[in-house]
Amino acid sequence: MRSINKYVLPSAVSLVTAMGVAVPAAQAFDFKASGQVDRAVTAVDNGHRSDIGFVDNTGSNTRFRFTGDQVMDNGMKVGFDYEIAIGNNASADWDVKNAGNEQNNFLDNRQANIYLEGNFGRFTLGKVDGAANATSEVDYSGLTYLGGGVDFADYAGGLSFWGKNGQVAAGNPKVGQVFNSFDALSRQNAIRYDSPTFSGVTLSASLDSGHAYELAARYATDLARGGKFGVAADYVDSENQKETFDPNNSLYINGDRFREMGGSASLLLPSGIVFTVSGKHRQFVHSRQNSANNFFGGIGYVSGDNHFQVNYDRTDGAYIDGSKGNQYGLAYRRDWTKSIQMYASYHLYTASGLGQGVKDINQIYTGVRLKFM
């Protein structure tokens with residue numbers, strides 16, 4: 001694989017660059033600004049104390065976006081995406097009785113890339129979603145990122161599990177460590193290729209920083225009377241992304257490399273009922289852990305502007321070998337307008353295999369997302 005990465009991909013970059021420069025534009029550059037504000041209230045009882053926090057929803061955080069494109073004389077399109085998240089008190093970091101974090105600001109360069117698109121597919125260069133990003137998240141309930149879906153750790157990642165002895169559990173395990181949807185490598189500095197869609201199938205590949213690579217296949221189709229079916233699968237190798245250099249001994253120190261495979265699927269029936277499943281496996285290399293697995297299942301219902309989902313998640317081995325986490329969730333979303341979504345959810349988090357017994361965590365999470373442009 002490395003030999004392919006070393007010679008083929010740079011050649012592809014040169015070809016794409018040459019094609020983009022050689023052909024003048026047929027029309028003016030189109031530019032658009034857009035974004036959203038997404039704020040939420042989290043109410044938590046961790047079995048020891050309870051608290052309320054006012055947070056920015058990490059699932060779909062507050063952000064601003066600039067996009068542009070133009071069509072060339074030969075019909076190809078060149079464009080860019082630039083997106084930055086900016087806010088404070090992220091829901092994935094908030095914890096009970098941790099009011100000091102409420103003033104913590106965050107700034108995240110989410111996207112900064114250019115692309116060339118044509119009959120050959122699409123090449124993207126820069127900060128971009130890795131090819132396998134979101135392969136855990138195929139879900140037609142409409143609740144992913146807004147109280148439901150497999151990424152519930154975005155709403156509760158910073159919550160600490162407390163031991164039954166009244167002390168924080170040894171090692172201070174948090175929801176975001178015990179649970180993981182294993183959704184590939186997320187946003188990366190990379191070169192990515194997406195094939196044209198043939199009969200609903202799209203193939204994607206990316207070479208990320210640190211020689212990591214991601215492969216993904218996606219399929220989506222519309223069914224009769226408004227039904228839909230979609231599925232995604234991936235294979236990821238993080239290679240030496242977390243490798244560090246020791247200058248004193250001139251040695252490279254291996255990081256927590258992993259290989260991942262799995263996917264997700266969702267079926268929306270004409271009746272509005274939605275069935276969603278997600279399953280991922282990670283094999284760790286040069287790590288204290290051997291392997292980990294995640295399974296998510298949800299049953300939802302979509303009726304007009306209303307979205308419901310009941311879901312369950314099980315994560316094994318994400319924190320340490322033998323650790324187990326169970327999440328039970330109920331989520332609802334109401335589209336007030338196309339630009340305003342209100343959502344509310346309830347979550348129960350249980351854990352075992354952490355070296356001691358821990359108390360369950362109960363959470364109510366509710367918020368509003370307002371999108372502009």
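The values are calculated or read from the model by the stated rules, or taken from the named source; none is laboratory data. Please read all numbers here as calculations on a predicted model, not as lab measurements. Counting neighbours? That spans all protein chains shown, and the Cβs are built from the backbone with ideal geometry, glycine included. Each accessible area value is taken on the protein alone, full model and side chains, heavy atoms only, with ligands, DNA and RNA left out. Shrake-Rupley method; radii C 1.70, N 1.55, O 1.52, S 1.80 Å.
From the list Lys97, Lys127, the one residue that fits, being open to solvent by 50 Å² or more (accessible area, probe 1.4 Å), in contact (Cβ under 8 Å) with a residue 24 or more places away in the chain and charged (D, E, K, R), is Lys97. Let me confirm something: among Ala233, Ala217, Ala190, which residue is open to solvent by less than 30 Å² (accessible area, probe 1.4 Å), in a strand (DSSP E or B), at pLDDT 95 or above and over 30 Å from Gln356 (Cα atoms)? Within the list Ala233, Ala217, Ala190, the selection yields Ala190. Exactly one residue out of Asn311, Asn293, Asn362 is in contact (Cβ under 8 Å) with a residue 24 or more places away in the chain, more than 22 Å from the chain's Cα centre (by Cα) and not in a loop (DSSP other than H, G, I, E, B), and it is Asn362. Conditions first: (1) part of a strand (DSSP E or B); (2) open to solvent by 10 Å² or more (accessible area, probe 1.4 Å). Gly355 passes all but one, so which condition is the exception? For Gly355, the exception is condition (1). Tallying residues that are out of contact with any Lys or Arg (no Cβ under 9 Å at 6 or more places or on another chain) and within 20 Å of Leu116 (Cα to Cα) within the stretch 182-196 yields 1. Summed over the stretch 107-124, the residues that are open to solvent by less than 50 Å² (accessible area, probe 1.4 Å) and either under 30 Å from Gly226 (Cα atoms) or without any contact (Cβ under 8 Å) to a residue 60 or more places away in the chain (or both) give a count of 6. Does Val41 fit the bill of being more than 25 Å from Tyr365 (Cβ to Cβ), open to solvent by 30 Å² or more (accessible area, probe 1.4 Å), aliphatic (A, V, I, L, M) and part of a strand (DSSP E or B)? Taking the combined requirement at face value, the residue does not satisfy it. Please specify each residue of the stretch 314-346 satisfying the condition of being outside any loop (DSSP other than H, G, I, E, B), surrounded by fewer than 21 Cβ atoms within 10 Å (Cβ to Cβ) and among the small types (Gly, Ala, Ser). Matches in the stretch 314-346: Ala344 only. Residue count for the stretch 69-94, restricted to those that are of a type in the set (Ser, Thr, Tyr) and surrounded by 20 or more Cβ atoms within 10 Å (Cβ to Cβ): 1.
Apart from one condition, Phe258 fits all of (1) at pLDDT below 95; (2) surrounded by fewer than 19 Cβ atoms within 10 Å (Cβ to Cβ); the exception is (2). Please determine, by comparing only the residues of the stretch 159-187 that are among the charged types (D, E, K, R) and in a loop (DSSP other than H, G, I, E, B), which one is surrounded by the fewest Cβ atoms within 10 Å (Cβ to Cβ). Among those that are among the charged types (D, E, K, R) and in a loop (DSSP other than H, G, I, E, B), it is Lys164.
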